[in-house]
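Accompanying notes for the structure given below.
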Number of protein chains: 2
Amino acid sequence: MASIIDVAKKAGVGIATVSRTINNSGYVKKETREKIERIIKEVGYVPNEIARSMTLQKNNIVAFILPNSTHLFFGELLYYVEEELYNQGFKMMICNSSMQTEKDLSYIDLLKKNRVDAIILLTNNDVESQLDKRLPIVSFDRKFDGVPFVSSDNHAGGVMAAKHLIKKGCKNIMFIGDDAQGLHTNVSTEVSKRRIGFLEELKRNGIDKVINIEYPLGNYIYIPDYVHELIQSHPEVDGIFCISDAVAAEVILNLEKNGKKIPEDVKVIGFDGGRSFINLGKRITSIGQSPKLIAEAISEIIVKYYLKEKVENIIVPVYFQNGDTA
Amino acid sequence: MASIIDVAKKAGVGIATVSRTINNSGYVKKETREKIERIIKEVGYVPNEIARSMTLQKNNIVAFILPNSTHLFFGELLYYVEEELYNQGFKMMICNSSMQTEKDLSYIDLLKKNRVDAIILLTNNDVESQLDKRLPIVSFDRKFDGVPFVSSDNHAGGVMAAKHLIKKGCKNIMFIGDDAQGLHTNVSTEVSKRRIGFLEELKRNGIDKVINIEYPLGNYIYIPDYVHELIQSHPEVDGIFCISDAVAAEVILNLEKNGKKIPEDVKVIGFDGGRSFINLGKRITSIGQSPKLIAEAISEIIVKYYLKEKVENIIVPVYFQNGDTA
DNA sequence: TTGTAAGCGTTATCAC
DNA sequence: GTGATAACGCTTACAA
């Protein structure tokens, strides 16, 4: 493939002049420029970005480590982040960690070798101790010491959910979440603030007794059997806040199978919102996160890293999304 | 950041020896190796992959250009392709073209500059004329002259759908697809074979008159109003094959709104299959594509490119997925 | 076994 | 305005 040297030779100029022409930097006489541009077309020259990265010591690549692009919300997030970064002149590498700690770590290692300009980290694994804090990392929904993070306003979301259930007259309330990490790690994600905000708001309204079901994060989708049994053992419950729409969907199916009418008998609120277009049934009432706003926030931090400016955490607002289940 | 030279100096050896140690190539005396490895740890040296790409003229990056990772099937495909490529030692760059021809092209251009080792192209845009056929491209669900492609066995899928509707006793059959490209381009995707296989099998069974509704590809999700009207103007229809589950979902909602019972009055089959976990209603009966098999096929072609072996098209089998709508 | 040096394709600094 | 040339960090003949 033609290089800058070939172009220079053919045009009878030095490589520096060609470089200036390509990059629109420094002075180049008009005729020289035109000649060079003609030759570039002629030989089909395409600048080598790798060589450029080499000299400039940056490659304009950002990597996104996430558990699974199959998860609908993550897929959306991925889309918006890529779009935003593209507009800022970055390319994006995607790294599916499949929720395995070793894969998280081996990716971080790989990305170090590749000298990516920034890493977006979305993980529930216990990687804190092995994280090189000098790396330009931005974390989503998770706080690491010394690493800036972006997250939705989970606390406010929990409050919203509580307010809605109270307004609807619910008396026996339950929380269900798959963010308990106690079994094999001691990480605590920002996501747990959904529960905290929820419980606080209930308490403010005199509701102290809430049935709190938490279980360890699995694949983000399916609920372990014993949790289903726990739900059934509380027929008095008339309002449930679930930590995600995926969990809410499972819970609703369980309740309906056991003869409950949703939302008449039990109101159920989820978290995530947005659309899921292959949906023939009820729309889940939910606290919505905005993947677009989140993407903008992440991108903002990355640009600041790039410009060597000071970076700060960003909390993105959530919204109440009306549906058919509460 | 420490470079190979720093390590060499500190270890009192030449850089070639360090390089040999890192890459496990050539002879290095055991003690020398051990010393070098110690120093590497000491100074926190991480090989620079960019420099390596420079020398080796390959960077082990594969790019995936696709319309939208938000689309559930694409999100799944993305996941499996990434996983497969990771196992083969490749990193993956993701490029959302948002269905814009210019973005497709500007990405291809970008990837040329970045000297990626292969490009996976998933597009419905008319880019044929501007495609550099010397590039290592593998196309999904789309035939370009001189470019190897992977696709599901769409024709067999169409046949399966026809067989099922016939078995269920349908007499007045309709096809609905959003793959008509006539309006602004003249591309024809592999996807149109779903319709062809479907119609052929019906004809073999004496069913000649099929109501064929095709409309231009939009965002893969929503159906234009006039198509909804067309559907309503055929109340005699009792069996419908839709080109995707997304389309099927819209069609089913339309029919139910107009008082039809699914599947009692009308049987509806979609295409894509797999799971969509936030689904509280009926499961769509569908012809399933296997994102995992597709990913393996794509990866197989890429590895062949890499080894400079001859590449060939690969057709992946589909399967019938029972659901509640047919 | 090991070290020297060429080469990969750029950009940027300095003379001219 | 322009052209040598050093530098970026690595791999790999080739020599020793």
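Where a number appears in this text, it was derived from the coordinates with a stated rule and is not lab data. Not measured: the values here are computed from a predicted model. Neighbour counts are summed over all protein chains in view; Cβ atoms, including those assigned to glycine, are modelled from backbone coordinates with ideal geometry.
Here is how the numbers come out for the structure above:
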item: Cα-based reach from A:Lys308 at 16 Å (exclusive), listing aspartates and glutamates while leaving out same-chain residues under 8 positions away; result: A:Asp117, A:Glu300
item: Restraint check, A:Lys29/B:Lys103; A:Lys9/A:Lys58; A:Lys41/A:Lys304, Cα-Cα greater than 31 Å; result: A:Lys29/B:Lys103; A:Lys41/A:Lys304
item: Residue order, fewest to most beta carbons within 10 Å, for A:Val62, A:Val147; result: A:Val147, A:Val62
item: Given charges at beta-carbon only (K, R positive; D, E negative), |dipole| of chain A in Debye; result: 1380 debye
item: Given charges at beta-carbon only (K, R positive; D, E negative), |dipole| of the protein assembly as shown in Debye; result: 1960 debye
item: Net charge dipole size for the range A:154-289 [Lys, Arg +1 and Asp, Glu -1 on Cβ; Debye, nearest 20]; result: 560 debye
item: Relative contact order, percent, the range A:239-326 [alpha-carbon distance under 8 Å, six or more residues apart]; result: 32 percent
item: The range B:1-114: translational diffusion in µm²/s, Stokes-Einstein, Kirkwood Rh over Cα pairs, 10 °C, 1.306 mPa s; result: 93 µm²/s
item: Mean separation of Cα contacts under 8 Å (6+ apart) over length of the range A:4-53, as relative contact order %; result: 37 percent
item: Set of aspartates and glutamates with alpha-carbon distance to B:Lys171 below 14 Å, sequence-local pairs under 8 removed; result: B:Glu201, B:Asp208, B:Glu236, B:Asp238, B:Glu264, B:Asp265
item: Relative contact order, percent, chain B [alpha-carbon distance under 8 Å, six or more residues apart]; result: 16 percent
item: Sites B:Lys41 and A:Thr101, calculated FRET efficiency, Cβ-Cβ separation with R0 30 Å, nearest 0.05; result: 0.90
item: Top of A:Ile22, A:Ile173, A:Ile213 by mean-square fluctuation, Gaussian network on chain A, Cα under 10 Å; result: A:Ile22
item: Theoretical FRET efficiency, 1/(1+(r/R0)^6), r = Cβ-Cβ of A:His234 and A:Asn313, R0 35 Å, to 0.05; result: 0.40
item: Rg and Dmax of the range B:214-294, Cα atoms only, in Å; result: 13.0, 40
item: Whichever lysines have a C-alpha closer than 26 Å to that of A:Lys168, once near sequence neighbours (fewer than 8 apart) are set aside; result: A:Lys193, A:Lys203, A:Lys209, A:Lys257, A:Lys260, A:Lys261, A:Lys267, A:Lys282
item: Whole-angstrom Cα spans of the range A:61-199 along principal axes, big to small; result: 56, 36, 27
item: Where the Cα pairs of the protein assembly as shown fall when distances are cut into 10 Å bins, in %; result: 3, 14, 21, 23, 20, 11, 6, 2, 0
item: Gap separating the Cα centres of the range B:72-107 and the range B:23-55, nearest whole Å; result: 32 Å
item: Within 10 Å of each Cβ in B:246-253, the average number of Cβ atoms from other chains; result: 2
item: Burial ordering of B:Tyr45, A:Tyr107, fewest other beta-carbon atoms within 10 Å first; result: B:Tyr45, A:Tyr107
item: Sorted by Cβ neighbour density within 10 Å, fewest at the top, the residues A:Val18, B:Val81, B:Val210, B:Val266; result: B:Val210, B:Val266, A:Val18, B:Val81
item: Shielding of B:73-81 by partner chains, average beta-carbon count, 10 Å; result: 5
item: Selection from A:Leu202, A:Val227, A:Ile213 lying farthest towards where the dipole of the range A:154-289 points positive, charges on Cβ; result: A:Leu202
item: Dimensions in Å of the range B:160-276 - Rg and Dmax from alpha carbons; result: 13.6, 39
item: Principal axes of chain A: Cα extent on each, largest first, Å; result: 87, 40, 33
item: The range A:209-243 and the range A:134-168: distance between their alpha carbon centers, rounded to Å; result: 21 Å
item: Inter-chain shielding of A:106-113 (mean C-beta neighbours from other protein chains, 10 Å cut-off); result: 3
item: Cα-based Rg / Dmax (Å) for the range A:265-326; result: 16.4, 55
